[in-house]
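Just so it is clear, none of the values below were taken in a lab; they were calculated from the coordinates. Note that this is a predicted model, so its numbers are computed, not measured. Positions of Cβ are backbone-derived with ideal geometry, glycine not excepted, and every protein chain shown enters the neighbour counts.
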Amino acid sequence: GLASRAKGARVLAKPGEVYAVQLPAGDTARLEVPEGEYSVAWYNPRAGGKLQQGRVKSIKGPGKRSLGRAPSDPRKDWIVLVKKS
């Protein structure tokens, strides 16, 4: 499950493997993941380019974990890619 204060936040998931979290208004989110370690990277859909690192580089499940904040422009549209390591 996804918990976010951001309006319109949603997640596409292949549970336990990969999650794409869309944060149209930026802000922060918490994602519930099963057992395992997951990498966290940010994609800027406004500018394209490479994945970027935020403050949180990885999370460990099981449980709800904070994905941290975007590397820049924290109030704008971002996609967070969470992948099982």
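Here are some notes:
- Stokes-Einstein D (µm²/s) once Rh is taken as the Kirkwood radius of segment 39-85 over alpha-carbon pairs, at 37 °C in 0.692 mPa s: 295
- Projecting the Cα atoms of PRO34, GLY16, VAL56 onto the dipole axis of the chain, where Lys and Arg carry +1 and Asp and Glu carry -1 at the beta carbon, places VAL56 farthest toward the positive end.
- With the Kirkwood sum run over all distinct C-alpha pairs, the chain has a hydrodynamic radius of 12.4 Å.
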